[in-house]
Amino acid sequence: MLTALDRALANTRLAGTGSAGTIRLGYTPVSGFGTFAVLLAALQEEHPDLTVDAREIFSAEIPERLSAGELDVGLALAPHSVDGVRSEVLRREAVSALLSTGHHLAAAPKIPLAELRDETLLLFPRRLAPAYYDGIVAACQEVGFSPAVRAFEAPPVNAMLARLSTGREVGLAPTSFAEHAANLGDTLTVREVVDPQAAADLSVLWPATGASPAVAGVLATARRCAERLGWLRGPMVRPGYRAGAAGAPSATRSRPWSVPPIR
């Protein structure tokens with residue numbers, strides 16, 4: 001009995017520091033190969049008694065899932081505003097071109113955005129990440145053209161990568177995702193997009209009220225990852241060029257890295 005009581009008291013203390021419990025964490029597919037993997041490893045190291053129930057969800061769904069109480073934390077690309085949900089930018093990185101190694105633009109080390117005027121962009125449908133989609137279109141319009149876009153209606157991500165490898169379209173994605181995709185085989189390559197260099201903002205989201213101590217622990221770990229790895233030292237671009245700036249506003253914002261207190 002004494003051992004069981006001691007264990008219960010220890011678990012209570014862990015829960016009070018955000019180190020125990022279960023967190024339902026929804027993450028957008030483009031974060032799964034870089035940001036999410038790094039965060040998950042850090043959580044396992046800093047909070048070994050925390051269970052992460054990870055769910056791959058497209059960005060547009062994450063704010064509503066949080067508002068409905070179906071998630072505790074989310075990682076979304078350019079999230080839209082939902083009452084009762086707070087958001088902070090966790091990672092800012094460049095948007096890169098992902099294309100077949102046989103594509104005629106693959107010969108150049110960098111691709112000016114205007115060079116894509118005669119290409120077809122392969123993107124996920126707007127409804128899955130509307131602000132990111134709108135930001136890409138707006139960036140193209142800034143340099144004088146409206147892009148031809150083929151909306152890829154058949155997730156998962158691997159199916160989209162297989163289509164890109166045929167050389168018919170060009171993908172535009174956050175650099176961390178593009179580099180991971182290219183490293184999966186020898187059919188795809190990554191090229192920096194310049195003039196202008198667009199940025200993709202990945203945000204961490206959580207409930208505005210009633211956040212648990214475990215949520216506070218996750219947010220604190222995410223902050224340490226961002227600071228240690230320089231995730232917020234992304235490309236400096238004019239707001240009009242940021243993927244997501246032309247779309248819906250981001251979720252309710254607090255001051256940068258305002259972590260809910262542990263009570």
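The values are calculated or read from the model by the stated rules, or taken from the named source; none is laboratory data. Values in this document were obtained by computation on a predicted structure and should not be read as measured data. Reconstructed Cβ throughout: ideal geometry from the backbone, glycine too, with neighbour counts over all protein chains shown.
In a strand (DSSP E or B) and touching a residue at least 12 places away in the same chain (Cβ under 8 Å), is that true of Ser81? Before you say what the answer is, go through the steps one by one.
Working: in a strand (DSSP E or B): no; touching a residue at least 12 places away in the same chain (Cβ under 8 Å): yes.
No; evaluated as a whole, the condition is false for this residue.
Taking helices (runs of 4 or more DSSP H) that do not extend beyond the range 1-72, which have at least 3 residues that are modelled with pLDDT under 95? Before the answer, list the steps.
Details: elements: 2-16, 35-46, 62-67.
Once the helices (runs of 4 or more DSSP H) in the range 1-72 are filtered for at least 3 residues that are modelled with pLDDT under 95, what remains is 2-16.
Within 29 Å of Leu121 (Cα to Cα) and of a type in the set (Gly, Ala, Ser): is that true of Ala68 in this structure? If you could, list the steps in order and put the result at the bottom.
Values: within 29 Å of Leu121 (Cα to Cα): no; of a type in the set (Gly, Ala, Ser): yes.
Considered against the rule, which asks whether it is within 29 Å of Leu121 (Cα to Cα) and of a type in the set (Gly, Ala, Ser), Ala68 comes out as no.
Kindly indicate which of Asp72, Asp83, Asp134 is over 16 Å from Val193 (Cβ atoms), crowded, with 21+ Cβ neighbours inside 10 Å and of a type in the set (Asp, Glu). Let's see the steps before the verdict.
Numbers: Asp83 fails: crowded, with 21+ Cβ neighbours inside 10 Å; Asp134 fails: crowded, with 21+ Cβ neighbours inside 10 Å.
The match here is Asp72.
Looking at (1) in a loop (DSSP other than H, G, I, E, B); (2) closer than 24 Å to Leu66 by Cα, which is the one condition that is false for Asp186?
(2)
Would you pick out the residues in the range 97-116 that are within 16 Å of Leu172 (Cβ to Cβ) and small (Gly, Ala, Ser)?
Ala97, Ser100, Ala106, Ala108, Ala114, listed by residue number.
Out of the residues in the range 118-158 meeting the condition of being without any contact (Cβ under 8 Å) to a residue 40 or more places away in the chain and of a type in the set (Asp, Glu), tell me which one is farthest from Glu56 (Cα to Cα). Don't jump to the end; show me each part of the working.
Taking the range 118-158 and keeping what is without any contact (Cβ under 8 Å) to a residue 40 or more places away in the chain, we get 118, 125-126, 140-141, 144-154, 158.
Among the residues that remain, those that are also of a type in the set (Asp, Glu) are: 118, 153.
Working: Asp118: 33, Glu153: 17 Å.
My answer is Asp118.
Among (1) closer than 22 Å to Ile62 by Cβ; (2) of a type outside the set (Asp, Glu); (3) in the same structural domain as Glu70 (by TED's automatic domain parsing), which single condition is Gly230 missing?
Single failed check for Gly230: (1).
Being in contact with an Asp or Glu (Cβ under 8 Å, 6 or more places away or on another chain) and without any contact (Cβ under 8 Å) to a residue 40 or more places away in the chain: is that true of Arg228 here?
On the way: in contact with an Asp or Glu (Cβ under 8 Å, 6 or more places away or on another chain): no; without any contact (Cβ under 8 Å) to a residue 40 or more places away in the chain: yes.
No, not satisfied.
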